[in-house]
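Contents: one structure, followed by commentary.
The values are calculated or read from the model by the stated rules, or taken from the named source; none is laboratory data. Predicted, not measured: the structure shown is a model, and the values here were computed from it. When we count neighbours, we look across all protein chains shown, and the Cβ atoms used for this are built from the backbone with ideal geometry, even at glycine. Remember, those area values only see protein heavy atoms, side chains included, never the ligands or the DNA or RNA. Shrake-Rupley method; radii C 1.70, N 1.55, O 1.52, S 1.80 Å.
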Amino acid sequence: MSRNASIRPNETTIPTLHTHDPEATLAFYETLGFTVVSRQLKPYVYLAFELSGFQVHFSAGPRGMDPTTEMTGGCLVMVDHVAPYHEAFTEAMRAAHGKVLSRGLPRITRYRPGASRFTLVDPSGNSLIFIQRDEPEEVEYGGSAALEGLARALDQVRIYREFKTDDAAAYRRAKSALKRHGETAPALERATAHAMLVELATALDRADEAEEWRRALEPIMAEELTEEERHAVREELERAADLTEWRGDSEG
(Lines give C-alpha, C1' and ligand atoms only; values in the text may rest on other atoms or scores of the structure.)
Protein backbone atom coordinates (compact mmCIF):
# COMPACT_ATOMS: atom_id res chain seq x y z
CA MET A 1 0.00 0.00 0.00
CA SER A 2 1.40 3.39 -0.96
CA ARG A 3 1.76 5.82 1.91
CA ASN A 4 0.10 9.21 1.86
CA ALA A 5 2.73 11.95 1.79
CA SER A 6 1.25 13.48 4.96
CA ILE A 7 1.79 10.28 7.00
CA ARG A 8 5.00 10.25 9.01
CA PRO A 9 6.51 7.12 10.66
CA ASN A 10 6.00 8.23 14.25
CA GLU A 11 3.09 5.99 15.28
CA THR A 12 2.67 4.58 18.76
CA THR A 13 0.60 1.48 19.49
CA ILE A 14 -0.79 0.80 22.97
CA PRO A 15 -2.18 -2.65 23.79
CA THR A 16 -5.54 -2.82 25.55
CA LEU A 17 -5.92 -6.04 27.53
CA HIS A 18 -8.69 -7.48 29.68
CA THR A 19 -8.83 -7.56 33.46
CA HIS A 20 -11.12 -9.81 35.48
CA ASP A 21 -10.22 -8.03 38.74
CA PRO A 22 -9.32 -4.33 38.42
CA GLU A 23 -8.09 -4.02 42.01
CA ALA A 24 -5.75 -7.01 41.60
CA THR A 25 -4.47 -5.57 38.32
CA LEU A 26 -3.83 -2.19 39.94
CA ALA A 27 -2.00 -3.75 42.87
CA PHE A 28 0.14 -5.96 40.65
CA TYR A 29 1.38 -3.31 38.25
CA GLU A 30 1.85 -0.67 40.93
CA THR A 31 3.93 -3.16 42.93
CA LEU A 32 6.22 -3.65 39.93
CA GLY A 33 6.85 0.08 39.63
CA PHE A 34 4.39 1.02 36.89
CA THR A 35 2.82 4.47 37.12
CA VAL A 36 -0.98 4.57 37.05
CA VAL A 37 -2.01 6.87 34.19
CA SER A 38 -5.75 6.13 34.41
CA ARG A 39 -7.72 4.58 37.28
CA GLN A 40 -11.38 4.44 36.29
CA LEU A 41 -13.65 1.82 37.85
CA LYS A 42 -17.09 3.39 37.19
CA PRO A 43 -19.22 3.68 35.13
CA TYR A 44 -16.91 1.30 33.28
CA VAL A 45 -13.44 -0.07 33.89
CA TYR A 46 -10.46 1.54 32.24
CA LEU A 47 -6.95 1.29 33.63
CA ALA A 48 -3.71 2.56 32.11
CA PHE A 49 -0.15 2.00 33.29
CA GLU A 50 3.17 3.38 32.16
CA LEU A 51 6.72 2.19 32.71
CA SER A 52 9.74 3.87 31.19
CA GLY A 53 8.71 4.47 27.56
CA PHE A 54 5.67 2.24 27.10
CA GLN A 55 2.07 1.93 28.26
CA VAL A 56 -0.40 -0.91 28.66
CA HIS A 57 -4.15 -0.36 29.13
CA PHE A 58 -6.96 -2.54 30.46
CA SER A 59 -10.73 -2.79 30.13
CA ALA A 60 -13.18 -5.16 31.83
CA GLY A 61 -13.02 -8.75 30.68
CA PRO A 62 -15.97 -10.53 29.07
CA ARG A 63 -18.49 -12.33 31.23
CA GLY A 64 -17.26 -15.77 32.23
CA MET A 65 -13.61 -14.92 31.60
CA ASP A 66 -11.35 -17.52 33.23
CA PRO A 67 -7.85 -16.11 33.87
CA THR A 68 -6.45 -19.56 34.70
CA THR A 69 -6.65 -20.54 31.02
CA GLU A 70 -4.09 -17.77 30.34
CA MET A 71 -5.78 -17.13 27.00
CA THR A 72 -6.75 -13.56 27.83
CA GLY A 73 -4.23 -11.74 25.69
CA GLY A 74 -0.80 -10.24 25.77
CA CYS A 75 1.74 -8.02 24.10
CA LEU A 76 5.39 -7.88 23.15
CA VAL A 77 7.61 -5.28 24.81
CA MET A 78 10.71 -4.65 22.70
CA VAL A 79 13.68 -3.37 24.73
CA ASP A 80 17.42 -2.88 24.30
CA HIS A 81 18.32 -5.24 27.17
CA VAL A 82 15.90 -7.55 28.97
CA ALA A 83 18.00 -8.39 32.05
CA PRO A 84 17.47 -5.05 33.87
CA TYR A 85 13.69 -5.37 33.58
CA HIS A 86 13.72 -8.89 34.99
CA GLU A 87 15.95 -7.81 37.84
CA ALA A 88 13.74 -4.82 38.65
CA PHE A 89 10.54 -6.90 38.64
CA THR A 90 11.93 -9.71 40.79
CA GLU A 91 13.37 -7.23 43.29
CA ALA A 92 9.97 -5.52 43.48
CA MET A 93 8.24 -8.85 44.07
CA ARG A 94 10.63 -9.76 46.86
CA ALA A 95 10.17 -6.36 48.47
CA ALA A 96 6.37 -6.60 48.34
CA HIS A 97 5.81 -10.32 48.93
CA GLY A 98 9.03 -11.62 50.43
CA LYS A 99 9.43 -13.94 47.44
CA VAL A 100 9.52 -14.12 43.65
CA LEU A 101 6.14 -14.94 42.14
CA SER A 102 7.12 -17.81 39.87
CA ARG A 103 4.05 -20.05 39.98
CA GLY A 104 0.39 -19.62 39.23
CA LEU A 105 -1.04 -16.15 38.67
CA PRO A 106 0.58 -13.70 38.67
CA ARG A 107 4.15 -14.81 37.96
CA ILE A 108 7.38 -14.12 36.14
CA THR A 109 9.41 -16.68 34.20
CA ARG A 110 13.03 -17.21 35.18
CA TYR A 111 15.79 -15.45 33.29
CA ARG A 112 19.00 -17.16 32.24
CA PRO A 113 22.07 -15.01 31.57
CA GLY A 114 22.33 -14.39 27.85
CA ALA A 115 18.67 -15.11 27.16
CA SER A 116 16.82 -12.62 24.95
CA ARG A 117 13.35 -12.75 26.52
CA PHE A 118 11.21 -13.47 29.56
CA THR A 119 7.48 -13.38 30.28
CA LEU A 120 5.49 -11.52 32.91
CA VAL A 121 2.01 -12.98 33.50
CA ASP A 122 -0.48 -10.76 35.33
CA PRO A 123 -3.41 -11.72 37.62
CA SER A 124 -5.79 -11.93 34.65
CA GLY A 125 -3.58 -14.28 32.66
CA ASN A 126 -2.22 -11.67 30.24
CA SER A 127 1.38 -12.20 29.10
CA LEU A 128 3.81 -9.32 28.65
CA ILE A 129 6.78 -10.78 26.79
CA PHE A 130 9.92 -8.67 27.10
CA ILE A 131 12.14 -9.23 24.06
CA GLN A 132 15.59 -7.91 23.31
CA ARG A 133 15.65 -5.99 20.04
CA ASP A 134 18.67 -7.81 18.65
CA GLU A 135 17.03 -11.21 19.10
CA PRO A 136 17.19 -13.23 15.84
CA GLU A 137 14.09 -12.64 13.75
CA GLU A 138 13.70 -16.33 12.95
CA VAL A 139 14.09 -19.17 15.42
CA GLU A 140 15.13 -22.58 14.14
CA TYR A 141 12.75 -24.68 16.21
CA GLY A 142 14.46 -27.93 15.31
CA GLY A 143 17.77 -26.52 16.50
CA SER A 144 20.32 -24.60 14.45
CA ALA A 145 20.97 -26.13 11.03
CA ALA A 146 24.64 -25.22 11.54
CA LEU A 147 24.83 -27.84 14.31
CA GLU A 148 24.36 -31.58 14.34
CA GLY A 149 23.81 -34.46 16.71
CA LEU A 150 23.59 -33.68 20.40
CA ALA A 151 24.65 -30.06 19.90
CA ARG A 152 21.68 -29.41 17.62
CA ALA A 153 19.31 -31.14 20.02
CA LEU A 154 20.56 -29.01 22.90
CA ASP A 155 19.95 -25.90 20.83
CA GLN A 156 16.37 -27.10 20.42
CA VAL A 157 16.19 -27.61 24.18
CA ARG A 158 17.28 -23.99 24.64
CA ILE A 159 14.50 -22.83 22.32
CA TYR A 160 11.85 -24.84 24.19
CA ARG A 161 13.10 -23.45 27.48
CA GLU A 162 13.60 -19.80 26.54
CA PHE A 163 11.21 -19.11 23.67
CA LYS A 164 8.33 -21.46 24.44
CA THR A 165 8.78 -21.51 28.25
CA ASP A 166 8.02 -25.22 28.00
CA ASP A 167 10.32 -26.89 30.53
CA ALA A 168 8.56 -30.25 30.21
CA ALA A 169 9.15 -30.41 26.45
CA ALA A 170 12.74 -29.25 26.93
CA TYR A 171 13.33 -31.96 29.52
CA ARG A 172 11.90 -34.69 27.28
CA ARG A 173 13.99 -33.51 24.33
CA ALA A 174 17.19 -33.37 26.36
CA LYS A 175 16.66 -36.88 27.73
CA SER A 176 15.89 -38.41 24.34
CA ALA A 177 18.82 -36.60 22.70
CA LEU A 178 21.25 -37.80 25.34
CA LYS A 179 20.00 -41.36 24.94
CA ARG A 180 20.36 -41.17 21.16
CA HIS A 181 23.66 -39.30 20.85
CA GLY A 182 25.32 -39.88 24.23
CA GLU A 183 27.71 -42.59 23.10
CA THR A 184 29.15 -40.60 20.20
CA ALA A 185 28.92 -36.98 21.36
CA PRO A 186 31.98 -35.10 22.65
CA ALA A 187 32.41 -35.02 26.41
CA LEU A 188 31.58 -31.32 26.73
CA GLU A 189 28.26 -31.78 24.92
CA ARG A 190 27.37 -34.73 27.13
CA ALA A 191 28.30 -32.80 30.25
CA THR A 192 26.27 -29.80 29.10
CA ALA A 193 23.28 -32.05 28.46
CA HIS A 194 23.52 -33.49 31.98
CA ALA A 195 23.81 -30.02 33.50
CA MET A 196 20.79 -28.80 31.51
CA LEU A 197 18.84 -31.81 32.75
CA VAL A 198 19.77 -30.92 36.34
CA GLU A 199 18.41 -27.41 35.82
CA LEU A 200 15.26 -28.55 34.04
CA ALA A 201 14.49 -31.28 36.57
CA THR A 202 14.87 -28.67 39.30
CA ALA A 203 12.48 -26.33 37.47
CA LEU A 204 9.97 -29.17 37.21
CA ASP A 205 10.22 -29.95 40.94
CA ARG A 206 11.83 -33.34 40.29
CA ALA A 207 14.55 -33.11 42.90
CA ASP A 208 15.36 -36.83 42.88
CA GLU A 209 15.86 -36.84 39.12
CA ALA A 210 17.97 -33.70 39.32
CA GLU A 211 20.24 -35.43 41.82
CA GLU A 212 20.52 -38.49 39.54
CA TRP A 213 21.62 -36.35 36.63
CA ARG A 214 24.09 -34.54 38.88
CA ARG A 215 25.64 -37.83 40.01
CA ALA A 216 25.88 -39.06 36.40
CA LEU A 217 27.66 -35.84 35.51
CA GLU A 218 30.38 -36.15 38.17
CA PRO A 219 32.64 -38.72 36.41
CA ILE A 220 32.44 -36.79 33.13
CA MET A 221 33.51 -33.63 34.92
CA ALA A 222 36.33 -35.36 36.77
CA GLU A 223 37.75 -37.52 34.01
CA GLU A 224 36.90 -36.11 30.58
CA LEU A 225 36.87 -32.32 30.66
CA THR A 226 39.52 -29.63 30.69
CA GLU A 227 39.40 -27.03 33.46
CA GLU A 228 37.99 -24.48 31.01
CA GLU A 229 35.25 -26.90 30.02
CA ARG A 230 34.49 -27.65 33.67
CA HIS A 231 34.03 -23.94 34.28
CA ALA A 232 31.45 -23.71 31.47
CA VAL A 233 29.49 -26.66 32.87
CA ARG A 234 29.67 -25.28 36.42
CA GLU A 235 27.99 -22.09 35.18
CA GLU A 236 25.05 -24.20 33.99
CA LEU A 237 24.91 -25.97 37.36
CA GLU A 238 24.98 -22.64 39.17
CA ARG A 239 21.78 -21.72 37.35
CA ALA A 240 20.18 -24.82 38.82
CA ALA A 241 21.39 -23.73 42.26
CA ASP A 242 19.95 -20.27 41.68
CA LEU A 243 16.69 -21.88 40.64
CA THR A 244 16.57 -23.91 43.85
CA GLU A 245 16.83 -20.66 45.81
CA TRP A 246 14.20 -19.10 43.50
CA ARG A 247 11.83 -21.98 44.17
CA GLY A 248 12.45 -21.63 47.89
CA ASP A 249 11.54 -17.95 47.62
CA SER A 250 8.36 -18.84 45.81
CA GLU A 251 7.21 -21.26 48.48
CA GLY A 252 8.16 -19.12 51.41
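Taking the dipole about the Cα centre of the stretch 105-252, with the C-beta of Lys and Arg at +1 and of Asp and Glu at -1, give me whichever of Ile129, Ala210, Gly149 is farthest to the positive side.
Toward the positive end, the furthest listed residue is Ile129.
How large, in Å, is the stretch 79-221 by the Kirkwood hydrodynamic radius built from its alpha-carbon pairs? Don't skip to the end; give the middle numbers.
Working: mean 1/r = 0.0609 Å⁻¹.
That comes to 16.4 Å for the stretch 79-221.
With only Lys, Arg, Asp and Glu charged, each at its Cβ (+1 for the first two, -1 for the last two), find how big the charge dipole of the stretch 120-252 is about the Cα centre; round to the nearest 20 debye.
That gives a dipole near 500 debye.
Give the residue from Val56, Val82, Ile108 lying farthest towards the positive end of the charge dipole for the stretch 47-131; charges sit on Cβ (+1 for Lys and Arg, -1 for Asp and Glu) and the dipole is referred to the Cα centre.
With unit charges placed on the Cβ atoms, the residue in question is Ile108.
When DSSP beta bridges are limited to those with both residues in the chain, what percentage is antiparallel, rounded to the nearest 5?
So the antiparallel bridges in the chain amount to around 65 percent.
Relative to the longest principal Cα axis of the chain, at what angle does helix 167-181 sit, 0 to 90 degrees, rounded to 10?
20 degrees
Quantify, in whole percent, the carbon and sulfur part of the accessible surface of the stretch 18-76 (1.4 Å probe; protein heavy atoms only). Each step should come with its number before you reach the end.
Values: 1740 of 3340 Å².
C and S fraction of accessible area: 52 percent.
Which whole number of Å³ per residue matches the convex hull of the alpha-carbon atoms in the stretch 25-81?
In the stretch 25-81, the Cα hull volume divided by residue count equals 105 Å³.
What whole-number value in Å² describes the accessible area per residue of the chain for a 1.4 Å probe?
On the way: 14060 Å² over 252 residues.
On a per-residue basis, 56 Å².
Cut-off under 14 Å on the C-alpha distance; same-chain residues fewer than 8 positions from Lys99 excluded. Which aspartates and glutamates are left, in chain and number order?
Lys99 reaches Glu87, Glu91, Asp242, Glu245, Asp249, Glu251.
Before rounding to the nearest 500, sum -39500 (n - 2.57) across all DSSP H runs of length at least 4 in the chain and divide by the residue total; then give [θ] at 222 nm in deg cm²/dmol.
So the calculated ellipticity at 222 nm is -15000 deg cm²/dmol.
Of the DSSP beta bridges with both residues in the stretch 1-151, give the percent that are antiparallel, rounding to the nearest 5.
Working: 18 of 28 bridges.
Looking only at bridges with both residues in the stretch 1-151, the antiparallel portion is about 65 percent.
Could you compute Rg(Cα) / (2.2 N^0.38 Å) for the chain, with N its residue count?
1.18
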